[in-house]
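Below is one structure, written out as structure tokens; comments come after it.
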Amino acid sequence: MATLKYKDDTDRAYGLTGMSVCLCLMDSERFLMHLDLDSEADQGLVFTPDFYQIQNQKLSAKAVWAGNLNHFKLLTGMLISNLMCRALVREGKEITRELSDLVLRNLQTEGAELCSLEADETGRLYTESYNFFHRVFCHPQVGGIVESLVEELREKRRLEAESVFHILRPLLN
């Protein structure tokens, strides 16, 4: 049965690293406060308050929707990056079809609620993000950068955003 749960601390470190890679590549570093390997299950990646900022009520409906869509794209990328990093870099294997289908179903529900997206629209966003991050995590140089961050996180247990992005900076070159 497919599950998104972490197997152990090492698996969690790879997942948090994957999400950090996504934030870096999607130009969203400003949203990361720190990574914490010892925090509650859903609080390992701590966001800045800006990440949760409520939309200005004076914005047009189109601007609010565009903001929600960008937020959804970022969340989609982080989820896929978490899974890709754990599978491709740590385990050296592809994500199973069962897990991919589970993630897509959950994203379709979220996309409908957050952005009123149809299932096929969410499917296109998922495929685009999946393909992009598959290329990223299959790149030979990315594995070494990921391993460096995982090792540092496992050793220190908590890393501030500045330290995380210092290690990930070579991804941007």
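The values are calculated or read from the model by the stated rules, or taken from the named source; none is laboratory data. Remember, predicted model here, so these are calculated numbers, not experimental data. We place every Cβ from the backbone using ideal geometry, glycine too, and count neighbours over all the protein chains shown. Ligands, DNA and RNA are stripped out before the accessible areas are found, and what is left, the full protein with its side chains, is counted by its heavy atoms. Shrake-Rupley method; radii C 1.70, N 1.55, O 1.52, S 1.80 Å.
Computed from phi, the 3J(HN,Hα) profile of the stretch 4-14 under the Karplus parametrisation 6.51, -1.76, 1.60 (θ = phi - 60°) reads 9, 5, 6, 7, 6, 4, 5, 4, 5, 4, 5 Hz, with x in place of Gly and Pro. Basic side chains Lys and Arg get +1 at the Cβ, acidic Asp and Glu get -1 at the Cβ, and with that the dipole of the chain about its Cα centre reaches some 240 debye.
Can you list the GluC sites (Glu not before Pro) in the stretch 76-173 that are in a DSSP coil and have 14 or fewer other beta carbons within 10 angstrom?
Numbers: sites: E91, E94, E98, E110, E113, E118, E121, E128, E147, E151, E152, E155, E160, E162; in loops: E94, E118.
Qualifying residues, ordered by number: E94, E118.
Accessible surface computed residue by residue for the stretch 8-60, with neighbouring protein chains in place and a 1.4 Å probe, gives 52 Å² per residue.
Around the amide H of L117, modelled in the peptide plane, lie the amide H atoms of A112, all under 5 Å away and 5 or more residues distant in sequence or on another chain. Couplings 3J(HN,Hα) for the stretch 74-85, derived from phi with the Karplus relation 6.51 cos²θ - 1.76 cosθ + 1.60 (θ = phi - 60°), are 5, 4, 4, x, 5, 5, 5, 5, 4, 5, 5, 4 Hz, where x marks Gly and Pro. Placing one equal scatterer on every Cα of the stretch 14-173 and applying the Debye formula, the log10 ratio I(q)/I(0) at q = 0.10, 0.13 Å⁻¹ is -0.37, -0.63.
For the stretch 24-115, applying the loop criterion from DSSP together with a ceiling of 15 other beta carbons within 10 Å to the trypsin sites (Lys or Arg not before Pro) yields K58, K93. The 3J(HN,Hα) values that the Karplus relation (6.51, -1.76, 1.60; θ = phi - 60°) gives for the stretch 144-151 are, in residue order, x, 5, 4, 4, 4, 5, 4, 4 Hz. Gly and Pro appear as x. Bridging of K93 to lysines at a Cα separation below 17 Å is possible for K7, once same-chain residues fewer than 8 apart are set aside.
Ligands, DNA and RNA left out, the 1.4 Å accessible surface of the chain is 51% carbon and sulfur atoms.
In this simple spin-label approximation, N106 and R157 carry label points 7 Å from Cα along the Cα→Cβ vector, and these lie 2.7 nm apart. For M33, the residues whose amide H sits under 5 Å from its own are V46, F47, T48, ignoring neighbours fewer than 5 places away on the same chain, with H placed 1.01 Å from N. Between S39 and T127, the modelled labels are 3.5 nm apart [label points 7 Å from Cα along Cα→Cβ]. Modelled spin labels at E147 and R135, positioned 7 Å past Cα toward Cβ, are 2.5 nm from each other. In straight-distance terms, cross-link reach from K5 covers every one of the aspartates and glutamates whose alpha-carbon lies under 18 Å from its own, apart from those fewer than eight places away in the same chain; here that gives D36, D38, E40, D42, E91, E94, E98, D101. Exposure check, 1.4 Å probe, all protein chains in place: Y126 carries approximately 20 Å² of accessible surface. Estimated at 0.36 nm per residue, the fully extended path between E113 and A66 surpasses their Cα-Cα distance by 15.5 nm.
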